[in-house]
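J.: Please see the structure below; I have some questions.
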Amino acid sequence: MSSGNSVVARNVRHLREQRGLSLAELARQAALAKQTLSKLELGTGNPTVDTLFSIAGALGVPVTRLVAEQEQVMTVQREDDVVWQRHDGYESRSLDHVYGSGVIENYLVRVSGTRGMEKPSEPHPVGTLEHLYVIRGRVRVGPADTPVELSAGDFVRYPGDRPHVYESLDEESLFHIVVSVPRAQPGTGGMTVTHTHGPKRD
């Protein structure tokens, strides 16, 4: 199995299971033979570009989500680059999409005194993503080894299953975080749910 095939196989299987789709159902939606999709998920197939686009379309994700290593997936939206959509009486801005049936947590985080956490936050369960929008101030946030600097109005999505940091670059910064924790996979037993940025709960 080549490393490229392995990445695609892992990503397709993860995204399919995250959406609760069977192999047959995803194959049907992507207009592919079930055997073709099965070989792809086993890492033994050699998918064409058209096949990858068909699968990405059925899963509702960019094709880059299928071919990129999960830990490398980071998306940044800068305020100056955003296009607001006009509707009848209001405007809207899409930040991101959260898929799956796991746990979704929302937090407002305030960091004061041009400082951050004393040490990086511990990784959350595998597959966790953090979606962070800066409301006020300038911050340095994201994976501990590749943080990004953001200002008010900027947005970033990054893997939460790696050590990550939050640091204010101003006197006080305020940001909103949505943490998406995937559901437990069949056969893994019950999932103990804990707040990722707050007090524990059962």
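Read-outs throughout are calculated quantities, based only on the coordinates presented, and are distinct from any laboratory measurement. Being a predicted model, the structure only gives us computed values, none of them experimental. Because the Cβ atoms are built from the backbone with ideal geometry, glycine has one as well, and the counts that use them run over all protein chains shown.
J.: Quickly work out the Tyr107-to-Arg78 label distance, labels modelled 7 Å from Cα along the C-beta direction, and quote it in nm with one decimal.
T.: 2.8
J.: What is the spin-label model distance, in nm, from Leu23 to Glu172 if the labels are put 7 Å beyond Cα along the C-beta direction?
T.: Computed distance between label sites Leu23 and Glu172 equals 5.6 nm.
J.: Would you mind checking which residues have amide H under 5 Å from Arg138's amide H? H placed 1.01 Å from N; only 5 or more apart, or other chain.
T.: It is Leu169, Asp170, by chain and number.
J.: Work out from phi, with θ = phi - 60° and the Karplus expression 6.51 cos²θ - 1.76 cosθ + 1.60, the ³J(HN,Hα) of each residue of segment 32-49, listed in order in whole Hz, and give x for Gly and Pro.
T.: 10, 6, 4, 5, 4, 5, 4, 5, 5, 5, 7, x, 9, x, 10, x, 7, 4
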